[in-house]
1. Tally time: how many residues in the stretch 197-239 are modelled with pLDDT of 80 or more, in a helix (DSSP H, G or I) and aliphatic (A, V, I, L, M)?
2. Scan the stretch 3-60 for residues that are under 23 Å from L84 (Cα atoms), within 13 Å of the ligand (Cβ to nearest atom) and among the charged types (D, E, K, R) and jot them down.
3. Pick from the stretch 168-225 the residues that are of a type in the set (K, R) and in contact with an Asp or Glu (Cβ under 8 Å, 6 or more places away or on another chain): which of them is farthest from E52 (Cα to Cα)?
4. For the condition more than 23 Å from S208 (Cα to Cα), part of a helix (DSSP H, G or I) and either out of contact with any strand residue (DSSP E or B) (no Cβ under 6 Å at 6 or more places or on another chain) or of a type in the set (K, R) (or both), what is the one hit in R118, R146?
5. Which of the following residues is part of a loop (DSSP other than H, G, I, E, B), within 11 Å of the ligand (Cβ to nearest atom) and under 23 Å from Q20 (Cα atoms): P180, P107?
6. Specify which of the listed residues (S60, S4) is of a type in the set (G, A, S), more than 15 Å from the chain's Cα centre (by Cα), buried (at least 18 other Cβ atoms within 10 Å of the Cβ) and farther than 26 Å from T224 by Cβ.
7. Kindly indicate whether any position in the stretch 28-46 is surrounded by fewer than 24 Cβ atoms within 10 Å (Cβ to Cβ), farther than 25 Å from C148 by Cα and acidic (D, E).
8. Tell me which residues, restricted to the stretch 125-139, are more than 9 Å from the ligand (Cβ to nearest atom) and under 22 Å from Y190 (Cα atoms).
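The values are calculated or read from the model by the stated rules, or taken from the named source; none is laboratory data. These figures come from a predicted structure and were not determined experimentally. All Cβ positions, glycine included, derive from the backbone under ideal geometry; neighbour counts span all protein chains shown.
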Amino acid sequence: MHTSQEQLEAEYRVSWELVQRAGFQAMNCGYLRTAGRSFHRYQQDLVWRLLEQTPIGPESVVLDVGCGIGGPTGWVLERFRPGLTVGVEYLGSAVRMAEQLWSGRSPRPHFVQADAQRLPLKTAGVDVILNCESALHYRDKHTFLRECHRVLKPCGHLCLGDITTRSPRVWALLTRYARPRVYLWSAKQYLAAFSAAGFELLDHEEASARVAAALRAGAREISTADFPDVPDIRRRASFLRVLEFLLHRRVLTYDLFTVRAH
Ligand SMILES: C[S@@+](CC[C@H](N)C(=O)[O-])C[C@H]1O[C@@H](n2cnc3c(N)ncnc32)[C@H](O)[C@@H]1O
């Protein structure tokens, strides 16, 4: 296995255990639109917000790139019933968990292990790409965006949500020795790169406040729950609190984009 896969897998293992134990189905930060709901609902609301401007019908082909353990991929299938729903994920263990999550359901999504920067799909066959909080891991986001443009049909939509920073260079310096590396872009970099890759902007929200509020609720839910058999649970709840603080202070930001392929 490639080293960076091992590092990424080690990083995500704690989250997977927690997710399985707590009955969560996603790995994203969530989006608080209406207070008083569960973290699970906030994670779903992030996906619904991302897809808000995007028509999905019975003939649509939907790709969820960086799908993690596959919750959002299956939610999209259950809600919109597209003709084909495929989750693409770098880590084999996550693909297996995704398959397990939806096994026995009919219809169910398909899952493929692949790198977002080299999508194993034919040109111009996809209507919608969902990319939720995964691109922060991609070293070469330009290649990823070109790949999205290649596999999308003309006028196909890319719905991308990601943690961003207003100071990518400072962030790169700060995290130089972090494992696994996280490669954050600014919203400005995303906007320029969408245009360079042949996309037109349909919608953009700087959603840091709503995402921070969802994380606050998530950290509270996790820390008050009783999961004695999940190791490192406190570390995970603290991680969510730190992320919430950084978003609240705008040290980090969170941007949601919908773009259309020319
Ligand atoms: C924070 S999780 C989000 C998962 C999912 N989108 C969700 O909303 O629950 C990020 C996911 O991106 C995956 N990932 C990282 N690098 C990737 C790559 N190069 N290609 C595909 N997936 C990747 C990670 O393994 C992880 O499962």
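1. 11
2. Correct list: D45, R49.
3. R179
4. Sole residue among the options that is more than 23 Å from S208 (Cα to Cα), part of a helix (DSSP H, G or I) and either out of contact with any strand residue (DSSP E or B) (no Cβ under 6 Å at 6 or more places or on another chain) or of a type in the set (K, R) (or both): R146.
5. Only one candidate qualifies: P180.
6. Criteria check complete, one pass: S60.
7. No; the residues of the stretch 28-46 include none that is surrounded by fewer than 24 Cβ atoms within 10 Å (Cβ to Cβ), farther than 25 Å from C148 by Cα and acidic (D, E).
8. V126, D127, V128, I129
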